[in-house]
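Enquirer: The structure under discussion is supplied below as structure tokens; questions concerning it will follow.
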Amino acid sequence: MSEIEKIDGFTEEEQLDLQAELEEGYAEIEEKYAVDTQQGLENVLVVDNIPVVDEGKKQKLVDRLRQLFAKAGAPIEEESVNMPWDKEAGTNKGFIFLTYPDAQQAENALRVLDGTSFGKNTLYVNRFGDIERFANLPVGEGELPTGWREKPYVEKDHLRSWLGDSAGRDQYLTFRDQDVSIWWNGRNGAAEPVKGSDGKPLKNNKWGELYLQWSPLGTYLASLHRVGVALWSGPKLDGPIGVNVLRFTHPGVRLIQFSPCENYLVTWSEEPLDNFENHPNAALRETFGPEDEGNHFVVWDVKSTRVLRSFPADKPVQGEDGPQQMAWPSFKWSPDDAYVAKCNVGSGIAVYELPGMGLLDKKSIKIEGVQNFEWCPMSEKDFQARKNGKGKECSFVFWTPEAQNQPARVSVMAIPSRNVLRAKNLFNVTDCKFYWQNQGDYLCVKVDRHARKAKSKKATSSNLELFRLREKDYPVQVIEFKDYVPQFAWEPQGNRFAIVSSNDPNYGQGIPGVVVKYNIDFYQLDQKKGDFAPIKHLDGKIANTLLWSPKGRHIALATIGSSTKFDVEFWDLDFIVDERREATEPGANVTLLNSGEHYGITDIAWDPSGRYLATSASAWRSTPEPGFCIWDFKGQQLVHEAQDRFKQFLWRPRPPTLLSKDQLKKVRKELKEFSRAFDEEDAAEENRGSAEKLAQRQREISEWNAWRARNNKRIEEERKARGKEKKAPVAAVEEKEERVEEIVEELIDETEEVVVA
């Protein structure tokens, strides 16, 4: 009351009211800023490496940080953000304090925010208590804190050491029963097990639990387990955990997908994630938070094994025959790993920027009725241009079906600008499939059509909409077929394609024992006219699967899925027969090199070099004779292995060559000179092989003779010990020699003479 009495001009009653009002205000302030003595600093985080700004941009920075935190799943009120300020410099100090209501929310924020990208900055988050504890540790110069142990440096083995093989061989993997083996593929199919530094073949009893998959560039071998995924790398495909072995915990995982540059991984489980807050497994508690509960998809950063984001499963889409199966892959990556996108069927496409996994422009691309999309591949030239900041934007193609009076439409959209580069209207559409040429030069949209007034929308014919992406305004050529086209394939790095078509009424009926007939057509770009023109037609074939060699030119045609036919054909599209005839008849060089049969075939794959083809029959698909075969590109069978309970055959992929275009041209120019050296190596290898076989036979004969002599000696000793020595053979009594003379008369000539008296 003494303080109030000093104020003049107020009555005593007014002074009492003022005193009560001040006390009430002070009480609210004290309650608001009261320090909880029972609570430590476990709920306080320090976020470092935030941008340094002046007073004019302070509020904007705080708002953007709060938006980022909320998007990552760790929202916070503005009053709980404390940004230290440098009054002399007039800027912030590059870090902030976050105060969460409790330690649990702070732990969740620490997990989801640490390492998050904020523009060009990467945010680093630590507990406030840890910083204080580490700062007060009694550490002398060159010493470690009490109780700490120095962790030895573990050097990571070269992840692509297998590319250094002096013979340039490729590797392949075989999976039989629970046994997984990795082999070198030598000349003429000669297999040699891949060995470690100890000289023993690479083996690991953990590989064969579910199934295996190579990463796109061959760096990692992924093995699936009931508790998650393991990635194996290095010369031994094994080593220290976190260095050569990376673990991704996802219970019940069944499908995985790598990004093209191997930076990211998507895992999917049919079982939704639980709340692992109190789970006894520490890996699950540390990996997933409350925000991941109920989700099926998880996106990972491969190198750090950190969860970037998780997603729920889509609701089943109703089709004419009931719910449709889940489309895989559900997430599709841009070729440079800059974006990953997911199609929300019927509503739009969500494009996420990497590595932050935030929505592009903070919103999905709304496309009413969208059904599917595919990213455009990039050539090596495009990659280099993007690295230099001069390349074109990424792009993808999508399609929307007919609705009311609106036709179906195929559109090509650029990302991130969202500009539509080209659109094409379509009619009577049942479905669309996209086929990009691997350099991004051409796009084929296979349009499956139904009859205009048909009650059923089952596809009965197909059109090919061919986009030429390197030309101005993206011209489109339309090729119409009266038959249905189930297969289409571009020649890698080329301007040709092949299709399979059929008008057989038994197609798609699945009648046992019935052989369906197909037609095979080859098309090539006519450089003068600028359109694709047919160059070869094969009628009445039973092959239903096309597979180009990775280097182009050669193509394999196989019959897969039939219960009676298992043919494999090898074709060469540049087999020179008559150059003058080829000039007037473009398809004259298309030649059948050879054909063979692999009983029960279920899969087919070229090796990365395009010199060998593997056909396999997997027990997973109930084949009558599991096993695999290896053929050369000419169709000669080199290896045939029938193995009970055989499951997988996988070639190890190779990354793109590091040679420049000039170096590649030089190699092609000097190919004849290199060929002589290779021919000499082949001859030496054959001679060495013959000499080795001869030496091996001589060793086997010597071993047999030595074994026979030892056994004869042992038998003689046993007879002698038993008193049953073998008696010497009695000489035969020589009989009296009897000489027999035989007179033989031979008539040489006969003359008859008549004498007249």
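The values are calculated or read from the model by the stated rules, or taken from the named source; none is laboratory data. Here the structure is a predicted model, which means the values were calculated and not measured. Every residue, glycine among them, receives a Cβ derived from its backbone with ideal geometry; neighbour counts consider all protein chains shown. Heads up: the accessible areas ignore ligands, DNA and RNA and are worked out on the full protein's heavy atoms, side chains in. Shrake-Rupley method; radii C 1.70, N 1.55, O 1.52, S 1.80 Å.
Enquirer: Points 7 angstrom from Cα along the Cβ direction at I743 and S161: gap in nanometres?
Expert: With each label point 7 Å from Cα toward Cβ, the separation is 9.8 nm.
Enquirer: Here is a follow-up. When the Kirkwood hydrodynamic radius is evaluated over all pairs of different C-alpha atoms of segment 42-134, what value in angstrom, to one decimal, is obtained?
Expert: 13.3 Å
Enquirer: May I ask you to derive the FRET efficiency for Q493 and E28 from their Cβ-Cβ distance with R0 = 56 Å, giving the value to the nearest 0.05?
Expert: The computed FRET efficiency comes out at 0.15.
Enquirer: Based on Cβ point charges of +1 for Lys and Arg and -1 for Asp and Glu, what charge dipole magnitude is obtained for the chain about its Cα centre, in debye rounded to the nearest 20?
Expert: 1800 debye
Enquirer: Starting from the Cα-Cα distance between A283 and E703, subtract it from 0.36 nm times their residue separation and give me the gain in nm to one decimal.
Expert: Full-extension gain reported as 145.4 nm.
Enquirer: Over the chain, what is the relative contact order in percent, taking alpha-carbon pairs closer than 8 angstrom and at least six residues apart?
Expert: 6 percent
Enquirer: Moving on to the next point. Just to confirm the number: angle between the C-alpha axis of helix 55-72 and the first principal axis of the chain, 0 to 90 degrees, nearest 10?
Expert: It is inclined by approximately 50 degrees.
Enquirer: Give the carbon-plus-sulfur fraction of the accessible surface of segment 156-312 in %, rounded to a whole number; probe 1.4 Å, heavy atoms of protein chains only.
Expert: Here it works out to 48 percent.
Enquirer: Considering only protein heavy atoms, what per residue accessible area in square angstrom results for the chain with a 1.4 angstrom probe?
Expert: In whole numbers, the chain has 62 Å² accessible per residue.
Enquirer: R0 = 30 Å: FRET efficiency of V667 with N687, Cβ-based, nearest 0.05?
Expert: 0.65
Enquirer: Right, something else. Which FRET efficiency value, to the nearest 0.05, do you get for D473 and K529 by plugging their Cβ-Cβ distance into 1/(1 + (r/R0)^6) with R0 = 22 Å?
Expert: Using R0 = 22 Å, I get an efficiency of 0.80.
Enquirer: Suppose we keep just the alpha-carbon trace of segment 336-478; what are its Rg and Dmax in angstrom?
Expert: 16.1, 54
Enquirer: With just the Cα atoms of the chain, tell me how far they stretch along each of the three principal axes, in Å, largest first.
Expert: In descending order, the Cα extents are 206, 89, 54 Å.
Enquirer: Where does the charge balance sit around W214 when Lys and Arg score +1, Asp and Glu -1, over other residues with C-beta under 14 Å from its C-beta?
Expert: 0
Enquirer: Search the structure for amide H atoms under 5 Å from the amide H of S347, placed 1.01 Å from N in the peptide plane, and list their residues when 5 or more places away or on another chain.
Expert: G369, V370
Enquirer: Straight distance only, please: which lysines reach the Cα of K200 with their own Cα at less than 26 Å, same-chain residues fewer than 8 apart left out?
Expert: K156, K236, K647, K693
Enquirer: Per the Kirkwood treatment, what hydrodynamic radius in Å, one decimal, follows for segment 156-312 from the mean inverse distance over all distinct Cα pairs?
Expert: So the Kirkwood estimate lands at 16.8 Å.
Enquirer: If I model a spin label as a point 7 Å beyond the Cα along the Cα-Cβ vector, how far apart are those points for K634 and R452 in nm?
Expert: Modelled inter-label distance: 5.5 nm.
Enquirer: Next question. For the Cα atoms of the chain, what angle does the longest principal axis make with the long axis of helix 103-113, in degrees from 0 to 90, nearest 10?
Expert: For 103-113 against the chain, the angle is about 50 degrees.
Enquirer: While we're looking at this one, here's another question. With label points built 7 Å along Cα→Cβ from the Cα atoms of D130 and F575, find their separation and express it in nm.
Expert: My value for the distance between the label points is 6.6 nm.
Enquirer: In a solvent-free Debye calculation with one equal scatterer on each Cα, what is log10 I(q)/I(0) for segment 189-242 at q = 0.13, 0.16, 0.18 Å⁻¹, listed in the order of the q values?
Expert: Computed log10 I(q)/I(0) values: -0.36, -0.54, -0.67.
Enquirer: I'd like the per residue volume of the convex hull spanned by the Cα atoms of segment 520-650, given in cubic angstrom.
Expert: Per-residue hull volume (Cα only) is 113 Å³.
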